[in-house]
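Inspection log for the structure reproduced underneath, given as structure tokens.
The values are calculated or read from the model by the stated rules, or taken from the named source; none is laboratory data. These numbers were taken from a predicted model, which means no experiment stands behind them. All Cβ positions, glycine included, derive from the backbone under ideal geometry; neighbour counts span all protein chains shown. In case anyone asks, the SASA skips ligands and DNA or RNA and just uses the protein heavy atoms, side chains included. Shrake-Rupley method; radii C 1.70, N 1.55, O 1.52, S 1.80 Å.
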Amino acid sequence: MAKAFRLEEIATRLNATLHGDPELTIHGIATLSDAKAGHISFLDNPLYRKYLDTTQASAVILASDLAQVCPVAALVVPNPYFAYGQVASLFADVPQGQAGIHPSAVIDPSATVDPSASIGPNVIIEKDTVIKAHAVIGPGCVIGERTTIGERSRLWANVTIYYGVEIGSDVTVNSGVVIGADGFGYAKHEGVWHAIPQIGRVIIGNGVAIGANTTIDRGALEDTVIEEGAIIDNQVQIGHNVKIGAHTAIAGCTGIAGSTHIGRDCMIGGGACLAGHIDIADNVALTGMAGVSRSVREPGIYSSGTPLQPNAEWRKTIARYRNLDNIAKRLKRVEKQIPKVEANDDN
Amino acid sequence: MAKAFRLEEIATRLNATLHGDPELTIHGIATLSDAKAGHISFLDNPLYRKYLDTTQASAVILASDLAQVCPVAALVVPNPYFAYGQVASLFADVPQGQAGIHPSAVIDPSATVDPSASIGPNVIIEKDTVIKAHAVIGPGCVIGERTTIGERSRLWANVTIYYGVEIGSDVTVNSGVVIGADGFGYAKHEGVWHAIPQIGRVIIGNGVAIGANTTIDRGALEDTVIEEGAIIDNQVQIGHNVKIGAHTAIAGCTGIAGSTHIGRDCMIGGGACLAGHIDIADNVALTGMAGVSRSVREPGIYSSGTPLQPNAEWRKTIARYRNLDNIAKRLKRVEKQIPKVEANDDN
Amino acid sequence: MAKAFRLEEIATRLNATLHGDPELTIHGIATLSDAKAGHISFLDNPLYRKYLDTTQASAVILASDLAQVCPVAALVVPNPYFAYGQVASLFADVPQGQAGIHPSAVIDPSATVDPSASIGPNVIIEKDTVIKAHAVIGPGCVIGERTTIGERSRLWANVTIYYGVEIGSDVTVNSGVVIGADGFGYAKHEGVWHAIPQIGRVIIGNGVAIGANTTIDRGALEDTVIEEGAIIDNQVQIGHNVKIGAHTAIAGCTGIAGSTHIGRDCMIGGGACLAGHIDIADNVALTGMAGVSRSVREPGIYSSGTPLQPNAEWRKTIARYRNLDNIAKRLKRVEKQIPKVEANDDN
């Protein structure tokens, strides 16, 4: 609170070209439409271009092609969204963990906790587990046996990690996350489901971020692996033996069934469902609610699902949809009755 | 347990017209088909009209048009479902919080806890947080810094609230809920995702109810806002900067992506997915599993999705569906070959 | 670790026919493609038949028709997947609960905890609750009033059980699960939603397994019931008054709305959504992402949803789909203009 920076100071941090008064005082950051005098704002998404002319911000971060039309001071950078994030961090006020172990924490004597790590109230750390330097373990977290939490990784409150999990460095795990529960593996024998022991682990790479209430199951025989730099939103379900490639982004409410492998640099839309035992290539994008039942071998954007319609119209559509096979057959019959059309007349 | 009321006493509480014996003793409440002698029941959904004639209930709450055909005592009210809720509360036996702070709770000295509030075992309350009168904080809850919990609000066990969250009065938050985690905001720079600090808050209005394991992310720059009286079911995901209008109802497993605004008095069906940066007008209803990729500007009921079919039939349907563009083009070609039909012959 | 078994010893436990050297030492289990010397593997899914010829495993569990082609020692059994599970349990190293109550647990004096039960750190057990013999209650669990946890049932860390819940014997409940929260029942009265007290319970049968972060709501008037041997994956939402039949399997991210009844031995695919107040017969299978808005009265496999397409192709498909009613009407007009086709010419 009450933080303030000279505009030139911000320009230097961003390595930005400054147009305007370097002595301006900036004491906050806001959207173009909400900003007041003293605020810095940014323009990245062209949808918001319309707010530039009337913004009350004192300065705006934007790309070079807009510098001339900016009505206030401008900081010109190649990637305005990334630069906005850097400035936002100047004004953020995120609680930091304090080094040391809260007296209410219950830590097995065989566990190793680095003195620079922060262990919050009511944390439980089980045997042979290792918490590395500058890691922050929030209140109420439970970390099972034979687990490692890497340097500078942060578990927010009430995270649950089962046994035998490897979490790299600089990993963020939000509240309510469960990592390492048994995968959904059962054999039916004489009419009854028998749990297959899940003896694989979960391996989380460096720099991974995991959203609130996401679940990542341990492997059956192989490990479940999230590679470095992948980012996973809230309420995502990741089944046993799944591999997620490096720097892949997975939006909220997505479910990935067991043994599916997703490549690097993929973008998985919210609410997508991926069947088990399939492969998704690198650089694949799936739009929201995509249902994926087969492997996707080529990079590109893929979609499924049907558009929203007023309910009365939708009822008509689905009545016809149900009947599509019949419609197609009837069209074929009709075609047989009439002369051939020219090949180039196709729309 | 062993609670009992005279029928007249219940009629008075409901402001109902009583048909039948006012001295009847009512010691329980049940559905029309399950009720036994001594129970009161209710009829609201016309689907259950068929159970009225044979009910074993001693009395039934219903609307005036059914009073004459009710075979047992009747309590006539304008809104039988609401009245049933009032009677159910007579027989409910919900554990109440006891004023005071459990000795195992860990409360920062700078936090303010009203003496009438109930703080359960193992609760953690961080610095500068305020818990107002008659609030009930269940066991294992973690409430971060600079947060306010309003009068009479109840957090069930194991709720996690991050820092800088405002929760109004008479709010219900069920177990496993996470409020205030960082929104899913990342900028890609040189192939690596960088988290954008999320410096907005979450504001929850008076009388809001939030179901188990629901997640509500903090805003990026603006706040995430749930207006008064909205009701949200279990496992709903609400992204950063989302606004939910007053008295809107959101059923389970729905996901709402960032910066989307939903109006007042909407009804969002279960399993719906809403894209980010869109607007939904007041009084919009979305049916279950609706996928919404664009703004909805007019009140009304909207749907998407396809009907359930036997698998063999569905395989045929989707083969044709995949081919729909081709079908439409072929139809157009056929139409060009034949004489025009009359305009009014359209089915 | 460092566990080892003679092959004959494993054969005896599995009641398998052994082909090969009974004295082989087996010290691990792995997939056909990952196995090394000293490992046992298995072959069940025909997709993996191709790895049999080159496996480095010392022995393979398989069905009798493959015994002759197995290049290494074979254990022949009728159900290789089930047998694999039995062998996996030999090599599993799952942390076990220790009998007794951790000193940090907070247990109401009126609760009954069997001396053979294991109560972990920071567990909270409220009044009149019963924990039976050999039950294991993981760290951070909160178990409300008037609840019973049956013999040998295991709650992993950070599970929340509300009041008045009955959990049978040999039940597994994974972390983050919430059982017994209020169902989503509200009556609108004068523009405001009023919560209907939910006075039913949740009853979980013997041998049920419940995945991480799954939620099961308490009944409104009736109980919510999960019958014996049902298996439920992660992040499943089960509404009030739902009944799940015995030995039914429900995959992750599925939502089941209130008052729906599902039969025995059903298989519900991941990401499915079931509307409220419907009935699903015994032995029904729903494929992934199925949307079910009506009752399903006959056993069989059912599906809904549309296939994944490259985005450009999908845009064309949905433009036509939106227009399907119009396409069907135009086809009908065309049909009226041309001579009747023969009845048997339908493809």
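In table form, for the structure just shown:
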| read-out | value |
| --- | --- |
| Other protein chain Cβ atoms within 10 Å, averaged over every residue that makes up A:143-154 | 1 |
| Residue among B:Ile199, B:Cys253, C:His277 farthest towards the positive dipole end of the protein assembly as shown, charges placed on Cβ | C:His277 |
| Cα-centre dipole for segment C:94-148 with unit charges at Cβ (Lys and Arg positive, Asp and Glu negative), debye to 20 | 100 debye |
| Exposed-site-free run, longest, chain B (rule: GluC sites (Glu not before Pro); DSSP loop; at most 15 other C-beta within 10 Å) | B:24-189 |
| Reach of A:Lys3 by Cα under 16 Å, taken over lysines that are not fewer than 8 positions away in the same chain | A:Lys36 |
| Qualifying trypsin sites (Lys or Arg not before Pro) in segment A:243-347, DSSP loop, other Cβ atoms within 10 Å at most 15 | A:Arg294, A:Arg297, A:Lys340 |
| Accessible surface of chain A, 1.4 Å probe, proportion on carbon and sulfur as whole % | 50 percent |
| In Hz, Karplus ³J(HN,Hα) per residue of segment B:274-286 (6.51, -1.76, 1.60; θ = phi - 60°; x = Gly, Pro) | 10, 5, x, 6, 10, 10, 10, 5, 4, 6, 9, 10, 10 |
| At least 50 Å² accessible surface lost relative to isolated chain, residues of segment C:272-287 (1.4 Å probe) | C:Cys273 |
| Förster-model FRET efficiency, 35 Å R0, A:Thr54 and C:Lys316, C-beta, rounded to 0.05 | 0.35 |
| Derived scalar couplings ³J(HN,Hα) [segment B:197-206; Karplus, 6.51 cos²θ - 1.76 cosθ + 1.60; whole Hz; x for Gly, Pro] | x, 9, 9, x, 10, 10, 10, 10, x, 4 |
| Listing of segment B:103-126 residues, each with accessible area lower by at least 50 Å² in the full protein assembly than in the chain alone (probe 1.4 Å) | B:Val106, B:Asn122, B:Ile124 |
| Probe 1.4 Å - accessible area at B:Val296, Å² to nearest ten | 10 Å² |
| Separation between Cα centres of segment B:287-311 and segment A:14-68, rounded to whole Å | 39 Å |
| Label zone at B:Gln68 (point 7 Å along Cα-to-Cβ), backbone N below 17 Å, segment B:20-52 | B:20 |
| Given charges at beta-carbon only (K, R positive; D, E negative), |dipole| of segment B:3-62 in Debye | 160 debye |
| Calculated P(r) tail over 21 Å for segment A:199-347, as whole % of Cα pairs | 53 percent |
| Antiparallel %, DSSP beta bridges [both residues in chain A], to 5 | 10 percent |
| Which listed pairs, of A:Lys336/C:Lys332; A:Lys127/A:Lys243; A:Lys332/B:Lys332; C:Lys127/C:Lys188; A:Lys127/C:Lys132, have C-alpha distances above 23 Å, in listed order | A:Lys127/A:Lys243; C:Lys127/C:Lys188; A:Lys127/C:Lys132 |
| Percentage relative contact order, segment A:203-257, counting C-alpha pairs under 8 Å, at least six apart | 35 percent |
| Convex hull of Cα atoms in segment B:233-302, direction-averaged projection (nm²) | 3.5 nm² |
| Per-residue average of Cβ from other chains inside 10 Å of C:185-191 | 6 |
| Probe 1.4 Å, accessible area per residue of segment C:231-291, Å² | 22 Å² |
| Segment C:19-29 - phi-based ³J(HN,Hα) in whole Hz, Karplus 6.51/-1.76/1.60, Gly and Pro as x | 10, x, 7, x, 8, 3, 9, 10, 10, x, 9 |
| Residues with amide H under 5 Å from that of A:Tyr186, placed H, sequence gap 5 or more | A:Ile196 |
| Computed label-point distance, nm, for sites C:Ala4 and A:Thr112 using a 7 Å Cα→Cβ extension | 2.8 nm |
| Net charge dipole size for segment A:276-340 [Lys, Arg +1 and Asp, Glu -1 on Cβ; Debye, nearest 20] | 720 debye |
| Spatially proximal aspartates and glutamates relative to C:Lys329 (Cα-Cα < 18 Å; intrachain offsets below 8 disregarded) | A:Glu313, A:Asp325, A:Glu335, B:Asp325, B:Glu335, B:Glu342, B:Asp345, B:Asp346 |
| Trypsin sites (Lys or Arg not before Pro) within segment A:113-171, DSSP loop, no more than 16 other Cβ atoms inside 10 Å | A:Lys127 |
| Shape call, the protein assembly as shown: gyration tensor on alpha carbons, a/c limit 1.5 | rounded |
